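K.L.:
Sharing a structure, written as structure tokens. Questions coming.
The values are calculated or read from the model by the stated rules, or taken from the named source; none is laboratory data. If you're wondering where the values come from, they're calculated on a predicted model, not measured in any experiment. Because the Cβ atoms are built from the backbone with ideal geometry, glycine has one as well, and the counts that use them run over all protein chains shown.
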Amino acid sequence: MTNIATPVTPSPVAPAPAPHPSGDKRFKILEVHMKKHQFRHDALIEVLHKAQELFGYLEDDLLLFISHKLKLPPSRVYGVATFYHFFTLKPKGEHTCVVCMGTACYVKGADKLVEAVQENLKIKPGETTPDKKVSLLTARCIGACGIAPAVVYDGIVTPRQTPEATLEQINKWVQA
């Protein structure tokens with residue numbers, strides 16, 4: 001009895017992602033993330049989250065890059081990026097103030113919080129101060145109805161805010 005060894009064929013190795021023309025390594029990290037999801041269309045939201053985590057916001061060139069790599073129409077990628085409130089298409093400031101505008105927060109005065117910040121900083125929701133210190137954002141609902149009106153300061157949910165308390169926090173940032 002003789003053992004005949006069959007030749008082992010090496011498994012094909014996918015080529016490493018080519019570097020982005022800009023030389024920015026974040027594009028390679030993003031592409032590796034897309035590869036992890038097998039460039040599936042249904043991974044678009046996860047890919048957008050990763051892109052925003054890496055770049056801070058989703059600019060047009062980045063959305064086109066994602067569109068090309070996932071083989072999706074740019075309109076679909078842009079549509080998803082603009083539909084979900086979490087995604088932002090503009091750079092944020094050093095600090096973010098997100099006022100919840102859900103029903104409970106609105107009924108308890110969230111609109112007054114937004115007005116106070118607008119008057120104080122001379123910006124509207126979705127805008128950033130010229131010095132790039134503070135961005136004012138609103139959210140449809142952050143799920144903190146029991147502590148309304150709630151504001152998220154740099155990722156920290158803060159309960160039962162008043163216009164005075166909100167401006168106190170904003171002024172700490174501005175004066176820093």
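K.L.:
Does the stretch 137-147 contain any residue that is at pLDDT 95 or above, in the same structural domain as residue 119 (by TED's automatic domain parsing), buried (at least 18 other Cβ atoms within 10 Å of the Cβ) and among the hydrophobic types (A, V, I, L, M, F, W, C)?
P.N.:
no
K.L.:
When you go through (1) over 30 Å from residue 151 (Cα atoms); (2) modelled with pLDDT under 95; (3) among the charged types (D, E, K, R) one by one for residue 92, which number turns out not to apply?
P.N.:
(1)
K.L.:
Please work out if residue 99 is in contact with a strand residue (DSSP E or B) (Cβ under 9 Å, 6 or more places away or on another chain), surrounded by 13 or more Cβ atoms within 10 Å (Cβ to Cβ) and either touching a residue at least 24 places away in the same chain (Cβ under 8 Å) or acidic (Asp, Glu) (or both).
P.N.:
Taking the combined requirement at face value, the residue satisfies it.
K.L.:
For residues that are of a type in the set (Asp, Glu) and at pLDDT 95 or above, tally how many sit in the stretch 1-41.
P.N.:
1
K.L.:
Of 130, 163, 159, which residue is closer than 24 Å to residue 104 by Cβ and free of Cβ contacts under 8 Å to residues at least 40 places away in the same chain?
P.N.:
159
Let's see how each residue does on (1) over 16 Å from the mean Cα position of the chain (by Cα); (2) within 26 Å of residue 152 (Cα to Cα):
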residue: 42; (1), (2): yes, no
residue: 56; (1), (2): no, yes
residue: 64; (1), (2): yes, no
residue: 68; (1), (2): yes, no
residue: 75; (1), (2): yes, no
residue: 98; (1), (2): no, yes
residue: 106; (1), (2): yes, yes
